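Note sheet for the following structure.
What follows draws every value from the coordinates through simple rules; no lab data is involved. These numbers were taken from a predicted model, which means no experiment stands behind them. We place every Cβ from the backbone using ideal geometry, glycine too, and count neighbours over all the protein chains shown.
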Amino acid sequence: MLSIADIEEMDFNKMGGLIPAIVQDSSTTAVLMLGFMNQEALLESIKSKKVTFFSRT
């Protein structure tokens, strides 16, 4: 589980406020998708326990 300290160390400025987020199947480890999160989306994902992505469009 990510801590607040882990999130604060992430450099959201490198990609215009976004970080890449990989979704994997927990049993096969197959990559299901690549999305992008801003800090707010990451915090909401942790809080709600549901993946929340940032829409770039």
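Residues in the range 47-57 carry Karplus couplings, in order, of 5, 8, 6, 10, 5, 10, 9, 8, 8, 8, 10 Hz; the curve used is 6.51 cos²θ - 1.76 cosθ + 1.60 with θ = phi - 60°, and Gly or Pro positions show x. Which of these, Leu43, Leu34, Leu18, has the largest mean-square fluctuation under a Gaussian network model of the chain (Cα springs below 10 Å)? Among Leu43, Leu34, Leu18, the largest mean-square fluctuation in the Gaussian network model of the chain belongs to Leu34. Magnitude of the charge dipole for the chain, about its Cα centre and with charges confined to Cβ atoms of Lys, Arg (+1) and Asp, Glu (-1), is about 240 debye.
Distant-in-sequence amide contacts of Thr52, defined by a placed amide H-H separation under 5 Å and a gap of 5 or more residues or a different chain, comprise Ser45.
Only Cα pairs under 8 Å and 6+ residues apart enter the sum, and on that basis the relative contact order of the chain stands at 24 percent. Protection proxy ranking, highest mean first, for peptides 23-29, 51-57: 51-57, 23-29, where packing is the per-residue count of other beta-carbon atoms within 10 Å, averaged. Fully extending the segment from Phe36 to Ala5, taken as 0.36 nm per residue of separation minus the present Cα-Cα distance, adds 9.2 nm.
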